[in-house]
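The values are calculated or read from the model by the stated rules, or taken from the named source; none is laboratory data. Since we're looking at a predicted model, the values are computed, not measured. Here Cβ is always computed from backbone atoms with ideal geometry, including for glycine, and neighbour counts include all displayed protein chains. To get the accessible areas, we keep the full protein, side chains included, count just its heavy atoms, and leave off ligands, DNA and RNA. Shrake-Rupley method; radii C 1.70, N 1.55, O 1.52, S 1.80 Å.
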Amino acid sequence: MYENFSPQRLTELVEHKQFRPLRELLTEMNEVDIAAFLGELEPDQQAIVFRLLPKELAAEVFAYLDDSEDQERLIGALSDRELREVLDELYLDDAVDIIEEMPASVVSRILRNTGAETRQQINELLNYPKDSAGSIMTTEFVSLRPDATVSDCFQRIRREGVDKETIYTCYVTHNRVLMGVVTVRQLLLADAGTRVRDIMEDHVISVETAMDREEAAQLMSRYDLSALPVVDAEDRVVGIITFDDVLDVFQEEATEDIEKMAAIIPSEKPYMQTSVFRLWRNRIPWLLLLMVSATFTGRIIAGFESALASYAALTIFIPMLMDTGGNCGGQASVTVIRALSLGEIEFRDLPRVLWKELRTAVLCALTLFLAVLAKALLLDGQGIRVALVVSLTVFFTVCIAKLVGCTLPMLAKRLGFDPAVMASPFITTVVDALSLLVYFAVAARVLGL
């Protein structure tokens, strides 16, 4: 877990209060591993071990603590001077992320121990909408003048770069208006007297502060950018988004989509920090809605009670038909939801998606038709008419389920809803009712009910 460091050895040093060798080991470890080690300690031990770290390393470790409760406890254990030292070393976007997870009393103390300029920048970032590009950007970036020489640029980078989140990508601005971008690689390969305007890229991909953060993350992924400038309405650079922020966005959005696809209201807290009552609140609304929706299938079955009484063998195939339809609809919906989230398709592509899914559905339906026909005749010992009813129902159900499964997420996206809501549980409920209607309609035709 800690590469070349034994967690048992570290724990023993803490328990025996051998702080000098512990400090030596910790300073050689990666900050992510130190944060994981702190998360396993008792609250009183966390503060002791945290104080052993050099202030630069302590700030990095603090930012990597997964548990906001651990961060809150450490803030409470640190003196104002110690807290100020940690905050001074934190990158601005990390400080904002931490503040968003803290209660008001802790936020007040954090802001009280930051400088006036930093406090103003933090408040500006906190004012951006939660899911916007502005909310995940950092204002710590290197800007260069277009008429500066390469030699001037390196002097500026050396002077200011230590406090910036990234120095590899630098943005060329004039009165804060974005003019171009230049990398350290380009500067290194150019002559010392070359002007920045002569080597910069003047076609810069940027986003506005109000853009959805997921769209900004997809833009960075599409163009393989390590950083993305964020501009205001007047094209002035106000910050940048770095690749580590994008990874966090993808993780959070994927978690949210998975929870919605499982019919759970998304939770902002990790599983172990979520109370049982909160889990109940997140799960019960969809369970109640799906249960009420499922009553339609019961009413359909009740409406064909006489038909089932005449052909009791039809009853044993109902679970298989409903499961098959739900699975097929779920496959189509998950595929389309993923394509929508990655920006591969849009609502205008609905006809092409329907045509593709219809052809896929026919191939799947033919395969399952033959399999079910053989099963009903050879394994279940049913007559040809009952076997034909079941296999034809499977054929039509698969086709309908695939089309419903791809259409509903795209309609949801068009109407402004999250397509992930139209995932397996919801699709299954809809397709269950449709498969029963198809089943009894086919039975009425073939068996003369």
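Observations, loosely collected:
- Residue check for Ala401: more than 17 Å from Val430 (Cβ to Cβ) and at pLDDT 90 or above: no
- In segment 269-290, residue modelled with the highest pLDDT [restricted to those that are assigned to a loop (DSSP other than H, G, I, E, B) and exposed (fewer than 13 other Cβ atoms within 10 Å of the Cβ)]: Ser275
- Some residue of segment 401-409 being open to solvent by 60 Å² or more (accessible area, probe 1.4 Å), part of a helix (DSSP H, G or I) and not small (Gly, Ala, Ser): no
- Residue in segment 203-222 that is more than 23 Å from Val246 (Cβ to Cβ), crowded, with 17+ Cβ neighbours inside 10 Å and in contact (Cβ under 8 Å) with a residue 24 or more places away in the chain present: no
- Output for segment 157-185, where each listed residue is buried (at least 17 other Cβ atoms within 10 Å of the Cβ), of a type in the set (S, T, N, Q) and over 32 Å from the mean Cα position of the chain (by Cα): Thr173
- Looking only at residues in segment 258-268 that are open to solvent by less than 60 Å² (accessible area, probe 1.4 Å) and of a type in the set (A, V, I, L, M, F, W, C), the one that is modelled with the highest pLDDT is Ile264.
- Of the helices (runs of 4 or more DSSP H) lying entirely inside segment 11-98, those containing at least 2 residues that are in contact with a helix residue (DSSP H, G or I) (Cβ under 9 Å, 6 or more places away or on another chain), closer than 27 Å to Thr274 by Cα and not hydroxyl-bearing (Ser, Thr, Tyr) span 31-39, 43-51, 55-64, 68-77.
- Checked against (1) of a type outside the set (Lys, Arg); (2) open to solvent by 30 Å² or more (accessible area, probe 1.4 Å); (3) at negative phi, Thr138 passes all but a single condition, namely (2).
Here is a yes/no grid of residues against (1) of a type outside the set (Lys, Arg); (2) touching a Pro at 6+ places or on another chain (Cβ under 9 Å):
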position: Val177; (1), (2): yes, no
position: Leu188; (1), (2): yes, no
position: Arg195; (1), (2): no, yes
position: Gln218; (1), (2): yes, no
position: Asp224; (1), (2): yes, no
position: Ile240; (1), (2): yes, yes
position: Thr255; (1), (2): yes, yes
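- Sub-7 Å Cβ pairs linking a first residue in segment 230-253 that is among the aromatic types (Phe, Trp, Tyr) to a second residue that is open to solvent by less than 60 Å² (accessible area, probe 1.4 Å) and outside any helix (DSSP H, G or I), at least 6 apart or interchain, are Phe243/Ser226, ordered by first then second residue.
- Filter result for Asp88 (open to solvent by less than 20 Å² (accessible area, probe 1.4 Å) and under 20 Å from Val162 (Cβ atoms)): no
- Residues that are open to solvent by less than 70 Å² (accessible area, probe 1.4 Å), of a type in the set (S, T, N, Q) and more than 19 Å from Cys170 (Cα to Cα), drawn from segment 223-257: Thr255
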